[in-house]
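**Student:** Pasting in a structure now, in structure tokens, and then I'll have a few things to ask.
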Amino acid sequence: MADKHKNFIGGEWVKPTTGEYFENRNPAKQSDLIGLWPRSGRDDVDRAVEAARRGYETWRRTPAPERGALLKTVGDLLTARKDEIARAATREMGKTLQETRGDVQEGIDTAYYAATEGRRLFGHTVPSELRDKWAMSFRRPIGVCGLITPFNFPMAIPTWKMFPALLCGNSVIIKPAEDVPHTVTLLVEILEEAGIPRGVVNLVHGLGEEVGAAIVEHPGIPVISFTGSTETGRIVGRICGEMHKRLSLEMGGKNAQIVMPDADLDLALEGVLWGAFGTTGQRCTATSRLLLHEDIHDEFVDRLRKQAKGLKLGYGLDGDVEVGPLINEASREKVEQYVEIGQGEGDLALGGERATGRALKDGFFFEPTIFTDVQPGSRIATEEIFGPVLSVIRFGDVDEAFRINNEVKYGLSSSVYTRDVNVSFRALQELDNGITYVNAPTIGAEAHLPFGGVKQTGNGHREGGWEVYEFYSETKVGYLDYSGRLQRAQIDNYAGPGQEPEEAERL
Ligand code: NAD
């Protein structure tokens, strides 16, 4: 009988009020049942909100450097358990061990960055326009934050949300994607071990339409941070708009790698293999379009096809595996549907089938797939597939390449391979993305820089770096007048055109 896991509410590990559970199975080996996790309901969310409100009252009064010190301990504990957590993440998510180690490392980096931010959280002090008066801004926490996360970075994304929210003095309720409940369970165990006070961190497992929706709709949760598909983000955005909630959305992408004729082609080839087929194409920053200059197109496609064909598929814990499975059957069916669409829109140059070798038949594997001669406006060139499918588009000059890059509704990342400094800087200026890489693939964000996208990828906020601290805190302004008299801003200090300020006359 598989282990039944619990929610973490008010500092206790508790059973769901529903009494119901869902299975967590290994996507590379469906026969491997990892455990049962709570299929919680609205009552569990209500309890978590009550606990989080109480936790907030103590945590918001804890000095920020002390909150940071706790997150430093969390970073140390994650470091000590990095390998064990990465193995658990590979088992439930499917990507290779080196990738899940990277995923945990991003959590560690985020913890250490947050720890030091406790001694910054800068405000401004500026001169007042009036005499004997001070003016300053500073940051205050907001309250209970609802955090909803996707399956593809089971550690990094929860930490991107949780650590800055906590550092700013908020309490949190997190609901991880139902495909990967184990990794966040381990993270919450670590927060508990580090000594997080009761109610400050709450974990409620369950399905998106049930627990996710209950969090988004709860009037006691003023802040929602959501990462997931643009379709789900639209629903979340509508509800948060109606309820006047503070909302951060990080959603889909259709990222392009552009290869100019002067590029180092070996480097560009390595880049696209990693960008398109790493994590089985299931990254928001995955390379799903390859824009090749016509002068190098045929040679590059030839080499790419050979290399992609040689990628080793399998269970991510097996040493030499390069590409894991898709996350579930629904994802594989979605990829299959796009392959069918693609056959009417381009030439299938590689793959296009479920991968069914002996070691693969028990998992959701799909062959690395390449379409060539794809038209920029077609569906496989504009819609997010979220699988190992790459659309190759030919272009004639840099203006055309930039135009094609910008012609999609998403705007997360882009990449340009060139040795021309002018093209490099033009790319930074002109590509409509939150992130542009030069001579590097579309994936590779670092924890201390802002992360996010423009257009339908996001709603203007960023995760990571210094910017995310603005999302999880409110700016407050304080004016201190020690003049001992009523001073009316804009009136007493400036009487009007041609007139001396009253104040100046008096002195
Ligand atoms: P998803 O939208 O299916 O689910 C994301 C989360 O939302 C899950 O926890 C899910 O349970 C929950 N959810 C589902 N329906 C909900 C509802 N009605 N109300 C509230 N919550 C609900 O996404 P996914 O398949 O887990 O992740 C893949 C998507 O995430 C891709 O589109 C990818 O591009 C995107 N993503 C974006 C970023 C980014 O930073 N821009 C990072 C990673 C993934």
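**Student:** Looking at the stretch 369-408 only, could you name the residues that are among the acidic types (Asp, Glu), surrounded by 16 or more Cβ atoms within 10 Å (Cβ to Cβ) and away from the ligand (no atom under 16 Å from the Cβ)?
**Tutor:** Glu400
**Student:** Given the criterion over 30 Å from Glu353 (Cα atoms) and either touching a strand residue (DSSP E or B) at 6+ places or on another chain (Cβ under 8 Å) or not assigned by TED's automatic domain parsing to the domain that holds Glu383 (or both), identify the matching residue among Glu294, Glu217.
**Tutor:** Glu217
**Student:** Out of all the residues in the stretch 39-57, is one or more touching a helix residue (DSSP H, G or I) at 6+ places or on another chain (Cβ under 9 Å) and closer than 20 Å to Met155 by Cα?
**Tutor:** Within the stretch 39-57, none of the residues are touching a helix residue (DSSP H, G or I) at 6+ places or on another chain (Cβ under 9 Å) and closer than 20 Å to Met155 by Cα.
**Student:** Take the residues in the stretch 166-186 that are near the ligand (Cβ under 9 Å from one of its atoms) and either in a helix (DSSP H, G or I) or of a type in the set (D, E, K, R) (or both); name whichever of them is least open to solvent (accessible area, probe 1.4 Å).
**Tutor:** Result: Lys175.
**Student:** I'd like the full set of residues that are of a type outside the set (S, T, N, Q) and open to solvent by less than 70 Å² (accessible area, probe 1.4 Å), limited to the stretch 331-347.
**Tutor:** Result: Arg332, Val335, Glu336, Tyr338, Val339, Ile341, Gly342, Glu345, Gly346.
**Student:** For Ser483, state whether it is more than 16 Å from the ligand (Cβ to nearest atom) and surrounded by fewer than 15 Cβ atoms within 10 Å (Cβ to Cβ).
**Tutor:** Taking the combined requirement at face value, the residue satisfies it.
**Student:** Regarding the stretch 274-289, can at least one residue be identified that is among the β-branched types (Val, Ile, Thr), in contact (Cβ under 8 Å) with a residue 60 or more places away in the chain, near the ligand (Cβ under 8 Å from one of its atoms) and buried (at least 22 other Cβ atoms within 10 Å of the Cβ)?
**Tutor:** Yes, the stretch 274-289 contains at least one residue that is among the β-branched types (Val, Ile, Thr), in contact (Cβ under 8 Å) with a residue 60 or more places away in the chain, near the ligand (Cβ under 8 Å from one of its atoms) and buried (at least 22 other Cβ atoms within 10 Å of the Cβ).
**Student:** Between Gly146, Gly253, which is within 20 Å of the chain's Cα centre (by Cα), within 8 Å of the ligand (Cβ to nearest atom) and of a type outside the set (A, V, I, L, M, F, W, C)?
**Tutor:** Values: Gly146 fails: within 8 Å of the ligand (Cβ to nearest atom).
Answer to the selection: Gly253.
**Student:** Within the stretch 221-233, can you find the residues that are within 9 Å of the ligand (Cβ to nearest atom) and assigned to a loop (DSSP other than H, G, I, E, B)?
**Tutor:** Gly228, Ser229
**Student:** Quick check on the stretch 61-86: of everything there that is of a type in the set (Val, Ile, Thr) and touching a residue at least 40 places away in the same chain (Cβ under 8 Å), which residue is farthest from Arg139 (Cα to Cα)? Step through it out loud before you land on a result.
**Tutor:** As a first pass, look at the stretch 61-86 and keep what is of a type in the set (Val, Ile, Thr): 62, 73-74, 79, 85.
Narrowing the set further to residues that are touching a residue at least 40 places away in the same chain (Cβ under 8 Å) leaves 62, 73-74, 85.
On the way: Thr62: 14, Thr73: 24, Val74: 23, Ile85: 34 Å.
This residue is Ile85.
**Student:** Still on this model: Inside the stretch 424-466, can you point out the residues that are more than 11 Å from the ligand (Cβ to nearest atom), open to solvent by less than 40 Å² (accessible area, probe 1.4 Å) and of a type in the set (Phe, Trp, Tyr)?
**Tutor:** Answer for the stretch 424-466, where residues must be more than 11 Å from the ligand (Cβ to nearest atom), open to solvent by less than 40 Å² (accessible area, probe 1.4 Å) and of a type in the set (Phe, Trp, Tyr): just Tyr437.
**Student:** Given Val126, Val184, which one is touching a Leu at 6+ places or on another chain (Cβ under 7 Å) and either modelled with pLDDT of 95 or more or under 20 Å from Pro222 (Cα atoms) (or both)?
**Tutor:** Going through Val126, Val184 in turn, just one is touching a Leu at 6+ places or on another chain (Cβ under 7 Å) and either modelled with pLDDT of 95 or more or under 20 Å from Pro222 (Cα atoms) (or both): Val184.
**Student:** From the list Leu247, Leu292, Leu265, Leu269, which one is surrounded by fewer than 24 Cβ atoms within 10 Å (Cβ to Cβ), more than 8 Å from the ligand (Cβ to nearest atom) and under 20 Å from Val374 (Cα atoms)? Show your work before the answer.
**Tutor:** On the way: Leu247 fails: under 20 Å from Val374 (Cα atoms); Leu292 fails: surrounded by fewer than 24 Cβ atoms within 10 Å (Cβ to Cβ); Leu265 fails: under 20 Å from Val374 (Cα atoms).
That would be Leu269, the only listed residue that is surrounded by fewer than 24 Cβ atoms within 10 Å (Cβ to Cβ), more than 8 Å from the ligand (Cβ to nearest atom) and under 20 Å from Val374 (Cα atoms).
**Student:** Specify the residue that is surrounded by the fewest Cβ atoms within 10 Å (Cβ to Cβ); the eligible residues are those in the stretch 227-244 that are under 16 Å from Gly452 (Cβ atoms) and touching a Pro at 6+ places or on another chain (Cβ under 9 Å).
**Tutor:** Result: Ser229.
**Student:** Would it be correct to say that Asp318 is outside any helix (DSSP H, G or I), open to solvent by 10 Å² or more (accessible area, probe 1.4 Å), in the same structural domain as Tyr410 (by TED's automatic domain parsing) and within 29 Å of Met260 (Cβ to Cβ)?
**Tutor:** No.
Residue-by-condition table, conditions (1) assigned to a loop (DSSP other than H, G, I, E, B); (2) among the aliphatic types (A, V, I, L, M); (3) open to solvent by 40 Å² or more (accessible area, probe 1.4 Å):
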| site | (1), (2), (3) |
| --- | --- |
| Cys145 | no, no, no |
| Thr159 | no, no, no |
| Pro164 | no, no, no |
| Glu193 | no, no, yes |
| Glu210 | no, no, yes |
| Val216 | no, yes, no |
| Pro219 | yes, no, yes |
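**Student:** Sticking with this structure for a sec: Taking the stretch 397-444 as the region of interest, how many residues are within 17 Å of Asp264 (Cβ to Cβ) and in a strand (DSSP E or B)?
**Tutor:** 5
**Student:** Consider Ala330 carefully, then state whether it is within 16 Å of the ligand (Cβ to nearest atom), farther than 15 Å from Val389 by Cα and of a type outside the set (Phe, Trp, Tyr).
**Tutor:** Details: within 16 Å of the ligand (Cβ to nearest atom): yes; farther than 15 Å from Val389 by Cα: yes; of a type outside the set (Phe, Trp, Tyr): yes.
Considered against the rule, which asks whether it is within 16 Å of the ligand (Cβ to nearest atom), farther than 15 Å from Val389 by Cα and of a type outside the set (Phe, Trp, Tyr), Ala330 comes out as yes.
The values are calculated or read from the model by the stated rules, or taken from the named source; none is laboratory data. Keep in mind that what you see is a predicted model, and the values were worked out from it rather than measured. No Cβ is skipped: glycine too gets one built from the backbone with ideal geometry, and neighbour counts run over all protein chains shown. Keep in mind that these areas ignore ligands, DNA and RNA; they rest on the heavy atoms of the full protein, side chains included. Shrake-Rupley method; radii C 1.70, N 1.55, O 1.52, S 1.80 Å.
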